[in-house]
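To keep things clear, I will list the structure first and then write my remarks on it.
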Amino acid sequence: NYSILLTSVFAVAIYLIFKSLSGSLLFDGKGNKIPDGPVGLPILGSFPFLTQYPELTLDYWAQKFGSLYSVYLGNQFVVVISDPQIVKDLTVTNGAVFSSRKEMFLKSQNIFLGRGVTATPYNDRWRKHRRLALTWLNKPAVDGYAAVLDYEALVLIQDLYHHGQAGKLPINPQPHAGRCSLNNMLTITFGTCTDSIEDPLLVSRYRNLTFLCRNCTGPVSNLTDYLPVPQKLPNWMITRSQKLHEGLVETYGGLIRDIDRRMKKGDQVPDCLVKTLLLAREEEELDHLDMAILCSAFMIGGTASIMQWFSALIPAHPEIQAKAHAELDRAVGRNRMPTVDDEKNMPYIHAIIKAIERCHNPFWLGTPHYSTQDTVYRGQFIPKDTVVILNTYTMRHDPQRRPELHKFNPDRYMNDATLSSESANLANPNERDHWMFGVGYVYDYFFATILPHTFYQSSVAPSIISSLVTWTENRLYTLLKDPITLHRPTSTKANLWR
């Protein structure tokens with residue numbers, strides 16, 4: 001009984017300390033109160049309720065507390081936004097206050113060492129890295145390597161065909177989609193690519209780094225980011241983040257050193273991000289770590305999960321397969337591959353892509369924003385140094401906007417001909433097709449640039465989708481009972497990648 005009493009007293013004392021420390025945040029000088037939200041636990045806050053499928057818990061709280069509510073994660077005050085209009089009002093209209101990022105202990109300080117573009121507060125280094133990255137992510141640059149993206153789509157189709165022995169064997173498309181995505185980013189960043197799904201770079205390095213990223217870089221994936229004590233003590237999350245940093249620098253820093261040696265020898269090096277950085281390193285005062293981390297940011301992002309979810313959904317919906325196949329036959333025929341010019345004639349394929357993005361966002365929560373000064377919004381007080389989480393799961397599962405929330409239904413988008421890049425700039429945020437990687441002043445710039453061009457302004461999406469639609473029917477583009485011969489190009493920029 002004494003032990004129980006002592007434990008209870010200790011718990012109450014901790015709770016009172018916690019409330020006293022956070023009490024100054026409850027109101028501003030004019031009596032405006034912080035948004036309502038769950039109470040949470042002493043010290044830990046609401047973190048224990050977000051350890052598995054946090055988007056579902058955040059969605060539940062949104063139904064209970066409204067589209068703008070607050071939680072504590074450890075000692076960090078957090079505001080969760082679940083409404084597109086509020087997102088626009090705060091992160092776009094008031095972007096000067098809400099577009100910074102909290103320097104997370106693991107992701108920003110340990111993995112990226114303050115050099116991660118999407119995980120770093122606004123400062124001179126961030127501005128420099130962003131400017132350099134945009135030289136390879138603006139529209140003219142993307143248009144310049146559209147042929148590379150088309151080529152990788154062709155290779156993807158060819159690999160699916162050969163590994164599946166023309167439809168005779170079942171095949172797991174996941175590693176092939178991962179390789180396609182990886183090769184796109186390798187070409188843009190390093191001017192190189194992998195030759196197969198067994199390539200060591202894909203198998204031993206890229207996949208290992210992807211594994212280490214899990215539960216290490218998400219906004220609610222670990223408590224170490226929100227409590228000062230664990231940051232001072234050895235723990236497995238810190239060890240994991242250090243291994244991830246070492247892996248990124250070893251893998252991508254090693255590729256940078258190889259290109260640097262080739263350039264010093266006078267060898268021909270394809271135009272790529274690394275070449276640009278190496279030529280500008282003295283003028284821009286870049287060290288090796290700057291370049292390695294900036295390139296890592298490119299490599300961590302990709303479109304593989306969208307392709308993988310497509311290959312998972314399409315076989316379960318033969319009626320969608322049939323409609324897509326009929327549209328491809330009508331718009332393209334069976335004697336060539338789709339091109340960007342065909343997109344306007346393939347509204348159903350266009351709708352399929354939008355439907356996949358709605359159903360399976362790669363990042364339901366994205367990278368949190370961070371407030372840099374006190375703000376009052378609709379009578380609710382949002383203090384300075386507040387982490388702002390954009391709850392895109394709830395935004396995409398609003399029953400008023402999307403009946404039958406969990407149904408994969410491309411017909412929803414048959415009257416929406418906008419590109420994602422166009423949709424992102426619509427004046428009415430509720431008319432956007434999705435909120436995939438984030439919203440606001442920064443808009444996770446490289447995702448927002450690469451993804452729309454990869455899927456909408458080149459023939460990659462029609463090529464991949466047409467291949468997978470026909471592959472799941474065990475047909476893969478038959479022409480008069482004979483498959484199309486998909487040869488690798490003999491005279492292409494791709495030959496310079498080796």
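The values are calculated or read from the model by the stated rules, or taken from the named source; none is laboratory data. Computed from a predicted structure; not experimentally measured. Note that we place each Cβ from the backbone using ideal geometry, even for glycine, and neighbour counts take in every protein chain shown.
Looking only at residues in segment 311-340 that are surrounded by fewer than 18 Cβ atoms within 10 Å (Cβ to Cβ) and acidic (Asp, Glu), the one that is modelled with the lowest pLDDT is Asp329. Summed over segment 222-246, residues that are in contact (Cβ under 8 Å) with a residue 12 or more places away in the chain and either among the aromatic types (Phe, Trp, Tyr) or outside any helix (DSSP H, G or I) (or both) total 3. Summed over segment 98-143, residues that are touching a strand residue (DSSP E or B) at 6+ places or on another chain (Cβ under 9 Å), among the hydroxyl-bearing types (Ser, Thr, Tyr) and at pLDDT 85 or above total 2. Restricting segment 406-418 to residues that are surrounded by fewer than 17 Cβ atoms within 10 Å (Cβ to Cβ) and not polar (S, T, N, Q) leaves a set whose member that is nearest to Gln321 (Cα to Cα) is Asp411. From the list Lys344, Lys384, the lone residue that is over 24 Å from Tyr53 (Cβ atoms) and in a helix (DSSP H, G or I) is Lys344. If the condition is being surrounded by fewer than 21 Cβ atoms within 10 Å (Cβ to Cβ) and either over 26 Å from the mean Cα position of the chain (by Cα) or under 16 Å from Ile349 (Cβ atoms) (or both), then segment 287-310 contributes Asp287, Trp309. Taking segment 162-183 as the range and being assigned to a helix (DSSP H, G or I), touching a residue at least 40 places away in the same chain (Cβ under 8 Å) and either among the small types (Gly, Ala, Ser) or crowded, with 21+ Cβ neighbours inside 10 Å (or both) as the test, the residues that pass are Ala177, Gly178, Cys180, Ser181, Leu182. With respect to the conditions (1) surrounded by 20 or more Cβ atoms within 10 Å (Cβ to Cβ); (2) in a helix (DSSP H, G or I), Asn361 falls short on a single one, namely (2). Under the condition of being buried (at least 17 other Cβ atoms within 10 Å of the Cβ) and free of Cβ contacts under 8 Å to residues at least 60 places away in the same chain, the residues counted in segment 341-358 number 2.
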